[in-house]
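Following: one structure in structure tokens, then a few remarks.
Readers should treat all values here as calculations from the given coordinates under stated rules, not as data from a laboratory. It should be emphasised that the depicted structure is a prediction, and the values quoted were computed from it without experimental measurement. All Cβ positions, even for glycine, are placed from backbone atoms using ideal geometry, and neighbour counts span all protein chains on display.
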Amino acid sequence: MADHAIYRSIAAAVKSGRLKEPFSIADFRESCPGFADSTYRNFLRKHSRGNTKTTELFERILSGRFIVIRPFKYG
């Protein structure tokens, strides 16, 4: 599933220290290149806590800043 690949890329970047939390969409784009522009615009918001229609993978802690919810999912 494409969403898992995107999430794994973010999780790997956080674990390796390439992506520092809390991170912005611009930080996500820089640390995890190669996804469609719409992915960078929508993925973090779509999968943030409180959006009950999708998997909650991120916590929005400030306007436009996110952290990964622990424990990490999908390996």
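Couple of notes before you dig in:
- 3J(HN,Hα) along the stretch 18-25, derived from phi through the Karplus expression 6.51 cos²θ - 1.76 cosθ + 1.60 where θ = phi - 60°, amounts to 5, 10, 8, 8, x, 10, 9, 4 Hz, with x in place of Gly and Pro.
- The gain in end-to-end length when the A12 to I61 segment is fully stretched comes to 15.6 nm, 0.36 nm per residue minus the alpha carbon separation.
- Helical runs assigned H by DSSP (4 residues or longer) give the chain a calculated mean residue ellipticity at 222 nm of -13000 deg cm²/dmol, each run adding -39500 (n - 2.57) before division by the residue total.
- Taking chymotrypsin sites (Phe, Trp or Tyr not before Pro) in DSSP loop conformation with at most 16 other Cβ atoms inside 10 Å as exposed sites, the chain has its longest uninterrupted site-free stretch at 36-71.
- Over the chain, relative contact order from alpha-carbon pairs under 8 Å, at least 6 apart, %: 28
- Each Lys and Arg contributes +1 and each Asp and Glu -1, all at the Cβ; summed about the Cα centre of the chain, the dipole is approximately 140 debye.
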